[in-house]
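All remarks here apply to the structure that follows.
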Amino acid sequence: DAGITQSPRYKITETGRQVTLMCHQTWSHSYMFWYRQDLGHGLRLIYYSAAADITDKGEVPDGYVVSRSKTENFPLTLESATRSQTSVYFCASKFGGRLNTEAFFGQGTRLTVV
Amino acid sequence: RKEVEQDPGPFNVPEGATVAFNCTYSNSASQSFFWYRQDCRKEPKLLMSVYSSGNEDGRFTAQLNRASQYISLLIRDSKLSDSATYLCVVTLNTGGFKTIFGAGTRLFVKA
């Protein structure tokens, strides 16, 4: 099916463990984004990518690593999970040809770090 | 200071009311503007883009004031189904298209 999908939808992990959240889109959108959403903060940009092998930091990148070896995938890794990283994570993608294009979101990954 | 700021609300209004949301942005490099809607525990979805001349989509009107770095959304004749969080969004052209969301304004429309 076409679209943007995130996996897993739910994840519980322990403090200190590495965890990777996956994001896959089928539109060949050049831009992809990772956000986290917490009560009182709305969506905060973690990292974004303009194309394969090009990534940039967002507002809250510390503790996260991203890669983009293929246009369609943009995994987000928490190298050593902390409780403060408990959040809902959203991946998004958009066509990069024009500035005012719509961003499409995945359904989110609810991550709990215990 | 946050790059995009919104009144968090909540706004509690009766059906049929007119409600207005405001949003300010701090970066003059902001070049595209949007309103997104997010229902509880769901992903955000585009409500409408915001153009300098102002634009309308049915009961929804969006306006942009670049000089004041201010965006607004007006909802007329509110429906129960309008209950959601409304997110103000700006895209900055900083070499790449960095898309920043406001924290959102919560709206409750009651019968």
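The numbers here are math on the coordinates, done by the rules we state, and not lab data. Just so it is clear, the model here is predicted, and its values are computed rather than measured. We place every Cβ from the backbone using ideal geometry, glycine too, and count neighbours over all the protein chains shown.
Between B:Asn65 and B:Ala111, the contour length at 0.36 nm per residue exceeds the alpha carbon distance by 13.2 nm. Of all lysines in the structure, those lying under 19 Å Cα to Cα from B:Lys2, and not within fewer than 8 positions of it along the same chain, are A:Lys57, B:Lys98. Summarising the amide proton neighbourhood of B:Gln31: residues at separation of 5 or more, or on other chains, whose placed amide H is nearer than 5 Å comprise B:Thr91, B:Leu92, B:Asn93. In percent, rounded to a whole number, the relative contact order of the stretch B:3-111 is 38, using alpha-carbon pairs under 8 Å and six or more apart.
Backbone phi angles across the stretch B:91-106, fed through the Karplus curve with coefficients 6.51, -1.76 and 1.60 (θ = phi - 60°), yield HN-Hα couplings of 10, 9, 9, 10, x, x, 9, 8, 10, 10, 9, x, 6, x, 10, 8 Hz in residue order; Gly and Pro are listed as x.
Got the relative contact order for the stretch A:41-114 handy, in percent, Cα pairs under 8 Å and 6 or more residues apart? Walk me through the numbers on the way to the answer.
On the way: 110 pairs, mean separation 15.7, N = 74.
About 21 percent, as a whole number.
With a 10 Å cut-off around each Cβ of B:80-92, the average count of Cβ atoms from other chains is 1.
Around the Cα centre of the protein assembly as shown, unit charges on the Cβ atoms of Lys, Arg, Asp and Glu (plus for the first two, minus for the last two) sum to a dipole of about 220 debye. Neighbours of A:Met22 by Cβ distance under 13 Å: Lys/Arg scored +1, Asp/Glu scored -1, total +3.
Using per-residue counts of other Cβ atoms within 10 Å, averaged over each peptide, order A:12-21, B:31-40 from highest down.
On the way: A:12-21: 13.6, B:31-40: 18.7.
Highest mean packing first, the order is B:31-40, A:12-21.
For every other residue with a beta carbon closer than 10 angstrom to the beta carbon of B:Ser26, add +1 if it is Lys or Arg and -1 if Asp or Glu, then tell me the sum.
On the way: positive: B:Arg1, B:Lys2; negative: B:Glu3, B:Glu5.
Charge balance in the 10 Å sphere: 0.
Show log10 I(q)/I(0) for chain B at q = 0.24 Å⁻¹, two decimals, from a solvent-free Debye sum over equal Cα scatterers. Values, matching the q order: -1.41.
Normalised by 2.2 N^0.38 Å, where N is the number of residues, the C-alpha radius of gyration of the stretch A:31-106 stands at 1.08.
Among A:Gly63, A:Gly96, A:Gly42, the largest mean-square fluctuation in a Gaussian network model of chain A, built with springs joining Cα atoms closer than 10 Å, belongs to A:Gly42.
Which whole number gives the average count of other chain Cβ atoms within 10 Å of the Cβ atoms across peptide A:103-112? Numbers along the way, then the final one.
Details: counts 10, 4, 7, 1, 3, 4, 0, 1, 0, 0.
Taking all residues of A:103-112 together, the mean is 3.
With +1 assigned to the C-beta of every Lys and Arg and -1 to the C-beta of every Asp and Glu, and no other charges, what is the dipole magnitude of the stretch A:43-110 about the Cα centre in debye, to the nearest 20? Display every interim value, and only then the final one.
Details: 8 positive and 7 negative charges, 31 e Å.
Approximately 140 debye in magnitude.
Normalised by the number of residues in the stretch A:5-92, the mean separation of alpha-carbon contacts (under 8 Å, six or more apart) gives a relative contact order of 35 percent. Residues whose amide H comes within less than 5 Å of that of A:Gln107, counting only those at least five positions distant or on another chain, are A:Gln6 (H built at 1.01 Å from N in the peptide plane). Using a cut-off of under 13 Å, list every residue of the stretch B:33-70 whose amide N is near the label point 7 Å from the Cα of B:Ala20 along the Cα-to-beta-carbon line. Within reach of a label on B:Ala20: B:61-65.
Just name one of A:Val88, A:Gln18, B:Gly54: the one whose Cα is farthest towards the positive end of the charge dipole of the protein assembly as shown (beta-carbon charges, Lys/Arg +1, Asp/Glu -1). The residue sitting most towards the positive pole is A:Gln18.
Projected over every direction and averaged, the convex hull enclosing the alpha-carbon atoms of the protein assembly as shown yields 12.5 nm². Put a plus charge on the Cβ of each Lys and Arg, a minus charge on the Cβ of each Asp and Glu, and nothing anywhere else: the dipole of chain B about its Cα centre is then about 200 debye. Taking a straight Cα-Cα cut-off under 19 Å and skipping sequence neighbours fewer than 8 places away in the same chain, the aspartates and glutamates within cross-link reach of B:Lys79 are B:Glu15, B:Asp39, B:Glu56, B:Asp57. Taking θ as phi - 60° and the Karplus parameters 6.51, -1.76 and 1.60, the scalar couplings of the stretch B:25-36 work out to 10, 9, 9, 5, 7, 4, 10, 10, 9, 8, 10, 10 Hz in sequence order, x denoting glycine and proline.
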